[in-house]
Amino acid sequence: MKKLASATVLVIALAVGIIPPLAAEEGIETLKTLPGDSLTVSDIYQQDVSDEQDKKIGSIKDILLDRGGQVTAVIVGIGGLLGVGTTDVAVPFKALRVKEKDAKRYLVLNATKEMLEGATSFTYDRDKHQWLAAEKETHAANGFAGVWKVKDSEGNPFEITLSADGSAKADRAGEGMSGNWKEEGGATVIKWDSGWTTKIAKEGNTYKKTAFDKGMPLDGPPTNSSDAEKVE
């Protein structure tokens, strides 16, 4: 696995011109010693990343190098199933820390899954061989952008505003709420800064709002729910 991962990075580096190919007559200088604090690629690539409380955030999907061959950033895939349907965000390589537990190494970030889910997401362009910021046009095109009238757990009405730029805000009983939203599987998923998650989805001829407390799985029973009506 270590040989395969290391070879993969070398091939990529050669392909994009980070490491110039050597002429046949050129020699190379070999190393007599290795840095004692160095990491292998397999210690990082496709490895899980946890927060400070050892809760899984996601996994490393890619490692980015600059033209000098220095590792600058990693792509962390969050959510999804077996790497499919993930939200891919970029994190500076220096933000990663390696910890050891029970003689095993694992990666840690000083961030939570909820924090990273609200970060700028990226998609890989195979033609350009680059990670590019994900397009946001679908926010306006999918019909969810606008103002939605919903109710809280006590039946009190309040409004959620979904902007075309992917931001979300609400004012519930005088409490200001902010976060980010995106369309997933035909539903709106709102990640609030508080850690709560709200979904708005069409059920038959009407829309339904479901809310999940911080840390609750979205495929389980919601903390509360209500009808949802788009008013603007």
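Every read-out reported here was derived from the displayed coordinates using simple, explicitly stated rules and does not represent laboratory data. Everything numeric here is computed off the predicted structure, so don't read it as measured data. Reconstructed Cβ throughout: ideal geometry from the backbone, glycine too, with neighbour counts over all protein chains shown.
Once you put a point 7 Å from the Cα of Glu229 and another 7 Å from the Cα of Glu154, both along the Cβ direction, what distance in nm separates them?
About 2.2 nm separates the two model spin labels.
At what distance in nm do the modelled label points of Thr123 and Asn110 sit from each other, each positioned 7 Å from its Cα along Cα→Cβ?
With each label point 7 Å from Cα toward Cβ, the separation is 3.4 nm.
Determine the dipole magnitude for the range 138-230: charges of +1 sit on the beta-carbon of Lys and Arg, -1 on that of Asp and Glu, nothing else is charged, the reference point is the Cα centre, and the result goes in debye to the nearest 20. If you can, show how the numbers build up before the last one.
Numbers: 12 positive and 14 negative charges, 26 e Å.
Here the size comes out at about 120 debye.
Please state the relative contact order of the range 93-232 as a whole percent: Cα pairs under 8 Å, 6+ residues apart? Write down the numbers at each step before the final one.
Details: 255 pairs, mean separation 22.8, N = 140.
That works out to 16 percent.
Would the range 138-230 count as rounded, prolate or oblate if I go by the C-alpha gyration tensor, calling it rounded below 1.5 in a/c and otherwise prolate when a/b exceeds b/c, oblate otherwise? Please list the in-between numbers first.
Details: a/c = 1.22, a/b = 1.13, b/c = 1.08.
Rounded.
Sort the following peptides by mean Cβ neighbour count (other Cβ atoms within 10 Å, averaged over residues), highest first: 188-195, 32-39. Write out the running numbers ahead of the final one.
Details: 188-195: 19.2, 32-39: 6.9.
Descending packing order for the listed peptides: 188-195, 32-39.
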